[in-house]
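The next block holds one structure in the form of structure tokens; read it before the comments.
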């Protein structure tokens, strides 16, 4: 009994002694790397991000400089990674992190509160898919370095997920690879006709 108990206690240590990582294709160019069933790295092959191998472990080369920067090293404490990233950012990039987008409908409306265009045309007249990024969304993500997106209505949960994948691929391929943070307005009521109910399909 004591021998078996010892083996049970030792098993986690033995499992961690050998590093294992597996890379899988998910959908539309998205790959997932699982390290020892503990760390998960996701990236989009269309973004230009490559994987760096160091000490037998995979890391995302978010700034595409071919080296492992401290902010890209998931083994380090979050505070150390954040400090390194902040030291590399321009004033404009930092300012972008302090801003929120205007209200965004997915797809964007032709007029009114959340209006926008796709390659200069309203959605109905364009060949855009519901989850494509609008001209205005591309502009605030690329030119304004904005990373906080306020979403109001979505066509469906699938459309929202695909839109998110496109937005993340776009910003992952720029600068330092800082992702978007998507959110919605706080819920102020439970009216059945409220925005959140309609946006989720009723």
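The values are calculated or read from the model by the stated rules, or taken from the named source; none is laboratory data. Bear in mind the structure is a predicted one, so any value in this text is a computation, not a measurement. Glycine also receives a Cβ, built like all others from the backbone with ideal geometry; neighbour counts cover every protein chain displayed.
Miscellaneous remarks
- Within the range 52-63, restricting attention to residues that are in contact (Cβ under 8 Å) with a residue 24 or more places away in the chain and within 19 Å of the chain's Cα centre (by Cα), the residue that is farthest from residue 38 (Cα to Cα) is 63.
- Annotation: of all residues in the range 74-86 being touching a residue at least 12 places away in the same chain (Cβ under 8 Å) and in contact with a helix residue (DSSP H, G or I) (Cβ under 7 Å, 6 or more places away or on another chain), the one that is surrounded by the fewest Cβ atoms within 10 Å (Cβ to Cβ) is 84.
- Which listed residue is at pLDDT below 90, part of a loop (DSSP other than H, G, I, E, B) and not assigned by TED's automatic domain parsing to the domain that holds residue 170, from 40, 27: 27
- Scanning the range 29-41 for residues that are without any contact (Cβ under 8 Å) to a residue 24 or more places away in the chain and surrounded by 15 or more Cβ atoms within 10 Å (Cβ to Cβ) turns up 31, 34, 35.
- Criterion (modelled with pLDDT under 90 and farther than 24 Å from residue 143 by Cα) met by exactly one of 59, 13: 13
- Filtering 124, 105 for residues that are touching a strand residue (DSSP E or B) at 6+ places or on another chain (Cβ under 7 Å), over 19 Å from residue 179 (Cβ atoms), modelled with pLDDT of 90 or more and not in a loop (DSSP other than H, G, I, E, B) leaves a single hit, 105.
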